[in-house]
Amino acid sequence: MGLLSNKTAFITGATSGIGKACAEEFAKEGADLILSARRIEKLNEFAEILKKDFGIKVFSFKLDVRNYQDVKNSISSLPGEWKKIDILINNAGLARGLSKIYEGDVENWEEMIDTNIKGLLYVSRQILPLMIERQQGHVVNIGSTAGHYVYPNGNVYCATKHAVNALTQAIRIDTVDKNIHVTSVDPGMVHTNFSNVRYSGDTAKAEEVYKGIEPLTAEDIANTVLFCVTRPKHVNINEIIITPLQQASPAYVNRNK
Ligand code: NDP
Ligand code: 8X3
């Protein structure tokens, strides 16, 4: 018996990084998984591996969390047994660019706001009623240290993660009488595809971000999420801020010379 046997977890953004690592960690613990992301081929290949390696059930489908109609249709048309969602990991998210706010790219702003804030809201809006109906469930939002501190040129990304912080509190308050656990896991630097996306595929620039430090891994975050969702029923972990040892805050990093 794994720690999550008989549980079903829904993970957004499961093709890469933290979402993918959470899927693996949860699969090891026996959870059945509903996985979503935009790159469906990659997602389906990953789903097959998880089924084969861990003997779990996986339901995978293409989803862009920015599209409310698609979010609504795909969740409402989940087969009955897949609607019993015990854990939701709102992970899909991204940063695009770093620039002064007066020089910012409005398309980048919209992509971050639409994904990180509106996407999380759209998915939560559809899944929370299913949890409330069953009077059980755990929502884990992947926030960021950027939701606690603003750093130079991070303006809109930081604002979206501050919004995630506010929405986590809001969900906790609004569901306090519904037996729902609500947690925010807020990492600092994690070595994933995140910086590649932020720098639009400029891998050299992306690697510079982690130069001279030992960053967190996606597995570190998945372990933390697993810890949060396996506490005794009466315990709610509100938020965990987790950084590499060499990072005190987004702006204070001790890099080896
Ligand atoms: P990755 O780029 O490795 O993974 C991002 C995932 O999000 C991918 O699976 C991608 O899938 C998915 N995604 C992006 N946009 C959408 C969308 N519109 N609809 C559905 N899925 C989408 O980055 P991370 O794993 O690092 O990022 C995951 C979360 O962690 C994000 O919310 C990020 O803000 C947060 N975070 C990351 C930190 C870091 O340093 N890496 C630190 C703190 C927080 P696909 O492209 O297939 O749709
Ligand atoms: C990702 C970490 O420092 O790039 O949320 O904002 S950081």
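Every number here is computed from the coordinates shown, using simple stated rules; none is lab data. Only a predicted model underlies this, so the values are computations on that prediction, with no experimental measurement involved. Heads up, the Cβs are rebuilt from the backbone with ideal geometry, glycines too, and the neighbour counts pull from every protein chain shown.
Secondary-structure-derived ellipticity at 222 nm for the chain, considering helices only, amounts to -12000 deg cm²/dmol, per-run term -39500 (n - 2.57) for DSSP H runs with n ≥ 4. Largest GNM mean-square fluctuation across Thr203, Thr243, Thr217, computed for the chain with C-alpha springs under 10 Å, falls on Thr203. At full extension, Leu245 and Asn153 could sit 30.8 nm farther apart than now, given 0.36 nm per residue minus the alpha carbon distance. Work out the FRET efficiency for Glu41 and Asp105 from their Cβ-Cβ distance, taking R0 = 35 Å, and round it to the nearest 0.05. It comes out at approximately 0.75. The distance from the alpha carbon centre of the stretch 134-148 to that of the stretch 235-257 is 18 Å, rounded to a whole number. By the rule of a C-alpha distance below 22 Å, with chain neighbours fewer than 8 residues away ignored, the lysines paired with Lys161 are Lys20, Lys100, Lys118. Neighbour counts of C-beta atoms inside 10 Å place Ile56, Ile142 in the sequence Ile56, Ile142, starting with the fewest. What FRET efficiency comes out for the pair Ile132/Phe227, r = Cβ-Cβ distance, R0 = 22 Å, nearest 0.05? Calculated transfer efficiency: 0.35. With Cα atoms defining each centre, the stretch 95-116 and the stretch 183-199 are spaced 16 Å apart in the structure. Binning all Cα-Cα separations of the chain at 10 Å, short to long from zero, yields these whole-percent fractions: 7, 32, 38, 19, 4, 0.
Just to verify a number: FRET efficiency for Ser76 and Val235, C-beta to C-beta distance, R0 = 22 Å, to 0.05?
Efficiency, rounded to the nearest 0.05: 0.10.
Protection proxy ranking, highest mean first, for peptides 85-92, 67-74: 85-92, 67-74, where packing is the per-residue count of other beta-carbon atoms within 10 Å, averaged.
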